[in-house]
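Presented below is the structure to which this report refers.
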Amino acid sequence: EECEAIAIAGGHVVVLASRLRLFDLLGRWGERPIFAWSAGAMVLAERVVLFHDSPPQGFGHAEVYDAGLHRFVRLQPLPGADRRLRLDDRERVSILARRLAPTVGVPMDGGEHLVLRDASLWTETPLRRLTVDGTVEELAGD
């Protein structure tokens with residue numbers, strides 16, 4: 001109760017989502033700032049999306065695993081995008097952008113982060129978004 005902010009790191013996104021729900025951590029948290037990265041950012045979206053263009057078991061497509069915790073509205077963080085997505089493949093980017101619509105896919109690599117404060121998104125690092133034409137462009141602020 002005395003903490004001023006919460007940090008939600010990565011790990012196994014399925015386990016993380018279930019534990020956050022089980023203990024209703026965010027329901028008890030109120031409007032204090034949340035720092036999230038990797039799987040931590042994924043579970044805060046409206047949907048938990050599992051994605052990898054080249055998983056070890058072969059060719060892959062993004063899948064909606066479950067409802068997320070709805071802290072990010074119309075924003076789908078895609079952490080580790082530099083390792084998991086073929087961002088130079090316009091067809092793959094276009095398919096993923098259309099699959100996520102109306103949510104905006106935000107590829108995140110090392111150093112990029114999101115902070116949710118007073119129901120607003122805040123970041124010090126420039127973010128990008130996937131577009132339906134298959135490009136990756138800078139995400140405009142509020």
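The values are calculated or read from the model by the stated rules, or taken from the named source; none is laboratory data. Just so you know, these numbers come straight off a predicted model, no measurement behind them. Backbone-built Cβ (ideal geometry, glycine too); neighbour counts: all protein chains shown. Only protein heavy atoms, including side chains, enter the accessible area calculation; ligands, DNA and RNA are left aside. Shrake-Rupley method; radii C 1.70, N 1.55, O 1.52, S 1.80 Å.
Answer yes if at least one residue in segment 21-28 is outside any helix (DSSP H, G or I), of a type outside the set (Gly, Ala, Ser) and over 27 Å from Glu137 (Cβ atoms), and no otherwise. So far as segment 21-28 goes, yes, one or more of its residues are outside any helix (DSSP H, G or I), of a type outside the set (Gly, Ala, Ser) and over 27 Å from Glu137 (Cβ atoms). From the list Glu91, Glu112, exactly one residue is of a type outside the set (A, V, I, L, M) and modelled with pLDDT under 85. Which is it? After ruling out the rest, the residue left standing is Glu112. Any idea how many residues of segment 93-110 are part of a loop (DSSP other than H, G, I, E, B) and buried (at least 22 other Cβ atoms within 10 Å of the Cβ)? Of the residues in segment 93-110, 0 are part of a loop (DSSP other than H, G, I, E, B) and buried (at least 22 other Cβ atoms within 10 Å of the Cβ).
Restricting to segment 72-87, and then to whatever is open to solvent by less than 60 Å² (accessible area, probe 1.4 Å) and under 11 Å from the mean Cα position of the chain (by Cα), can you tell me which residue is nearest to Pro33 (Cα to Cα)? Going through the qualifying residues, I end up with Phe72. Are any residues in segment 52-71 open to solvent by less than 60 Å² (accessible area, probe 1.4 Å) and outside any loop (DSSP other than H, G, I, E, B), and if so, which ones? Hit for segment 52-71 is Ala67, nothing else. Sub-6 Å Cβ pairs linking a first residue in segment 78-90 that is more than 12 Å from Val49 (Cβ to Cβ) to a second residue that is at pLDDT 90 or above and assigned to a loop (DSSP other than H, G, I, E, B), at least 6 apart or interchain, are Arg90/Gly134, ordered by first then second residue. Do you know which residues across segment 29-51 are open to solvent by 60 Å² or more (accessible area, probe 1.4 Å) and part of a loop (DSSP other than H, G, I, E, B)? Those that are open to solvent by 60 Å² or more (accessible area, probe 1.4 Å) and part of a loop (DSSP other than H, G, I, E, B): Glu31, Arg32, Trp37.
Just one of the listed residues (Thr125, Thr135, Thr103) is out of contact with any Leu (no Cβ under 8 Å at 6 or more places or on another chain) and modelled with pLDDT of 80 or more, and it is Thr135. Yes or no: Val13 in contact (Cβ under 8 Å) with a residue 24 or more places away in the chain, more than 20 Å from Ser94 (Cα to Cα) and β-branched (Val, Ile, Thr)? For Val13, the condition - in contact (Cβ under 8 Å) with a residue 24 or more places away in the chain, more than 20 Å from Ser94 (Cα to Cα) and β-branched (Val, Ile, Thr) - is met.
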